[in-house]
Amino acid sequence: MPRHDDSTRIRRGPGIVVMILSWVITLYTLWQMVEMHEMVPGKRFDRYHELGQHVFGEKLGLWIVVPQQLVVEVSLNIIYMVTGGQSLKKFHDVICDGKCKDIKLSYFIMIFASVHFVLSQLPNFNSISGVSLAAAVMSISYSTIAWGASLDKGRVANVDYDLRATTTPGKVFGVLGGLGNVAFAYSGHNVVLEIQATIPSTPEKPSKHAMWKGALVAYIIVAMCYFPVTFVGYWAFGNSVDDNILITLSKPKWLIATANMMVVVHVIGSYQVYAMPVFDMMESFLVRKLRFAPSLRLRLMSRTFYVAFTMFIGISFPFFGGLLSFFGGLAFAPTTYFLPCIMWLAVYKPKRFSLSWLTNWICIIIGVLLLVLSPIGGLRQIILTAKTYKFYQ
């Protein structure tokens, strides 16, 4: 998703440090996940909760990991609903140029959801590989358009780089929200084991080698997408930039319209990637616990219900920036920043005060601080936005 400079609320210098530090920490914890996938000879942990059960025990591991993973994946899908609807609306508004009747965001979210009522019936990760590839290509493309168009536009008149809030409490809450936005940027940890499970593995050639190469390339691409959008967008618009920078840009019209449709394609693929583990958990629960027979009817009903649920929440709370900040800390900090480190310490038991021990504890402390503080800023932003928002109007 094309975000505004996530350091808008943290200011330029510290913001750059936070962005880079977040990238380094999450790359490190992703490497840990890849390494732990086959740490037991002859066994592969194909899901996050399976790894958690191995480390913490069958029951405790399930209760530690699954709720966190579900919060991440469901929150992502809700935000993708909002993003898809906003980008469709922006495309419509740019193309029409004020000549068409205004259509409310809720209807565009419904249009976006209608695609997922169909795509959600695809059975597994392998079946959505084409959609995922298209999403990745679109991400690179619209990010390049976003920072290129911002650079071409140049600085707006009277650009302001100060914090948006004028009061001390407002500035503090704004910084906390900005930290949540940064935490939200890296979410691949929640599906990395499922993706690695699709890679063939032998004792001579374990999957971790190919997976790490792919993950490293992906992270470099992520940096090439996020960092220029962040820094150039902030340079051009300052603190007046929207949460989605493509909403701020309006010219050249054909290019901005194209970029917004690229965002739509990207979030279509991303929605499916993060919905697939939820579908798997839902259907496993229905079959094993409630004794439903596995069938196409079960898939149709359960997945349609889930898509409808995320659509309804997206329509109810279409607050992109606030949702990013809130879920960035509440959902992403545990699964991305400190759970992998806790598992690593529990499994490998590095010597106290060794480099590995210190690195993991630093990541854990940073992750816990994000978990506690970031949702506060995001929740405040949601409340302030909700005061002027007319629900279901």
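No value in this document is a laboratory result; all are computed from the given coordinates. Keep in mind that this is a model prediction, so the values were computed, not measured. Ideal geometry is used to build each Cβ from the backbone, glycine not excepted, and the neighbour counts take in all protein chains shown.
The table that follows gives values for the structure above.
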| quantity | calculated |
| --- | --- |
| Rounded FRET efficiency, nearest 0.05, which uses the C-beta distance separating LYS205 from ARG297 and R0 of 30 Å | 0.15 |
| Projected area, mean over directions - the range 317-393, Cα convex hull, nm² | 5.7 nm² |
| Paired Rg and Dmax values of the chain, which use every Cα atom, in angstrom | 21.0, 68 |
| Estimated [θ] at 222 nm from DSSP helical runs (n ≥ 4, -39500 (n - 2.57)) normalised by residues in the chain, nearest 500 | -24500 deg cm²/dmol |
| Principal axis dimensions, the range 31-166 - Cα atoms, whole angstrom, descending | 62, 41, 31 |
| Pairwise Cα inverse-distance average, inverted: Kirkwood Rh of the range 165-305 (Å) | 19.3 Å |
| Cα→Cβ-extended label distance, 7 Å offset, between ILE140 and ILE111, nm | 2.9 nm |
| Debye intensity ratio in log₁₀ form over the Cα atoms of the range 279-324, taken at each q of 0.31, 0.34 Å⁻¹ | -1.06, -1.16 |
| Protection proxy ranking, peptides 268-274, 308-314, average beta carbon neighbours within 10 Å, highest first | 268-274, 308-314 |
| Fully extended contour minus Cα-Cα distance, from PHE353 to TRP63, at 0.36 nm per residue | 101.4 nm |
| Full-extension gain in nm, LYS43 to LEU369, via 0.36 nm per residue minus C-alpha separation | 113.9 nm |
| Average Cα contact separation per residue, the range 12-388, under 8 Å, 6 or more apart, as relative contact order % | 32 percent |
| Förster radius 30 Å - calculated FRET efficiency between ARG164 and LEU255, Cβ distance, rounded to 0.05 | 0.60 |
| Convex hull (Cα only) mean projected area of the range 304-343, reported in nm² to one decimal | 3.7 nm² |
| Nearest-ten-degree value, helix 355-388 long axis tilted from longest Cα axis of the chain | 40 degrees |
| Spin-label pair VAL24/LYS171, simplified geometry with 7 Å Cα→Cβ offset, distance in nm | 2.7 nm |
| Per-residue HN-Hα couplings for the range 16-21 [Karplus 6.51, -1.76, 1.60; θ = phi - 60°; Hz; x = Gly/Pro] | 4, 4, 4, 4, 5, 4 |
| Choice from GLU283, GLU50, GLU204 with maximal GNM fluctuation in the chain (Cα, 10 Å cutoff) | GLU204 |
| Protection-proxy order for peptides 36-48, 69-81, 330-342, each taking the mean of Cβ atoms within 10 Å per residue, highest first | 330-342, 69-81, 36-48 |
